[in-house]
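First comes the structure, then the notes that go with it.
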């Protein structure tokens, strides 16, 4: 009996040894980047007259030119341009639809036969699985990074993120310019669309694509301002002109006569800062003229509030050279609280060069 049992066991083991188990192919990071990159686009937006406002990312979801991106990139843009990995440039872009709550927009360019990125259901993804990002941080276009999917949670759980929708939390490094890029799985399928990152190492968020895929189904679009004259920012290099190379921030601030204010966020209105400045005696003493022409002004004050933060940031830029002369931030619960503090900080920055000027300098300049 024992011999029979041994024979049966040996037979069973032999049978199992002959079975070929499925082998799951592993795609290398290089192969994945090569596969996904043609579907990722470089987005440029302008404030008018070819003046670059922001750069970001997006990805093609239909071969007839439909793509998804972050809504905040194009919300207040006067010009929009889309660039493909192949080098093709599209100046005429249509807005098919947007979801402001989730910060996602669907755009369309006049192209056919593009490489569309397949979409995946993020709810079926496994926490801890590897994810990848192909995006355009700063001037480093079509850059790849990887990490893991940390969590799928409600936006309500993240301060200032909003409410009523899911977000993907992941660790793949992203930077300014990554907004609108896809978060993809190991098979090269889009799980989510990047909207923002929060202060903290590799604490980044994306919107699940299945929550916004319907935006791409629209057929009627609204033409956005043509981006014919937009050009990408140049890579770090020597100053392009003597005017920039010789710019002295204190001199530029001291010599300015006109100034305009621009808000780059829906959470703050430029008029709030204008009102505070106009009513400040210290600002009146500077004899700076506030103007409302988006093309004019010796100086421009830009206010922003990165998503998922309470920081209201500002920078003062010389419009002639695009050199940032001053910057700072105020942490506040809302724009009403932030506006007076921003006004105080900005006035101090504008006062400093005048206070530090040598006696008689201002009189000579009159």
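Numerical summary
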| read-out | value |
| --- | --- |
| Failed criterion for residue 119 (all others in (1) farther than 29 Å from residue 334 by Cβ; (2) modelled with pLDDT under 95; (3) surrounded by 15 or more Cβ atoms within 10 Å (Cβ to Cβ) hold) | (2) |
| 2 or more residues surrounded by fewer than 21 Cβ atoms within 10 Å (Cβ to Cβ), in contact (Cβ under 8 Å) with a residue 40 or more places away in the chain and not assigned by TED's automatic domain parsing to the domain that holds residue 319: qualifying strands (runs of 3 or more DSSP E) within region 29-87 | 52-62 |
| Residues that are in contact (Cβ under 8 Å) with a residue 60 or more places away in the chain, surrounded by fewer than 16 Cβ atoms within 10 Å (Cβ to Cβ) and under 15 Å from residue 304 (Cα atoms), drawn from region 321-355 | 334, 336 |
| Condition check for residue 138: closer than 19 Å to residue 44 by Cα, assigned by TED's automatic domain parsing to the domain that holds residue 219, in contact with a helix residue (DSSP H, G or I) (Cβ under 7 Å, 6 or more places away or on another chain) and touching a residue at least 12 places away in the same chain (Cβ under 8 Å) | no |
| Of residues in region 309-320 being under 21 Å from residue 234 (Cα atoms) and at pLDDT 85 or above, the one surrounded by the fewest Cβ atoms within 10 Å (Cβ to Cβ) | 315 |
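Per-residue answers, yes or no, for (1) modelled with pLDDT under 90; (2) crowded, with 16+ Cβ neighbours inside 10 Å:
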{"residue": "220", "(1), (2)": "no, no"}
{"residue": "233", "(1), (2)": "yes, no"}
{"residue": "238", "(1), (2)": "yes, no"}
{"residue": "244", "(1), (2)": "yes, no"}
{"residue": "265", "(1), (2)": "yes, yes"}
{"residue": "288", "(1), (2)": "yes, yes"}
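Yes/no per residue for (1) farther than 20 Å from residue 72 by Cα; (2) within 14 Å of the chain's Cα centre (by Cα):
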residue	(1), (2)
130	yes, no
147	yes, no
153	yes, no
158	no, no
177	no, yes
215	no, no
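The values are calculated or read from the model by the stated rules, or taken from the named source; none is laboratory data. If you're wondering where the values come from, they're calculated on a predicted model, not measured in any experiment. Cβ sites come from the backbone with ideal geometry, for glycine too, and all protein chains shown count toward neighbours.
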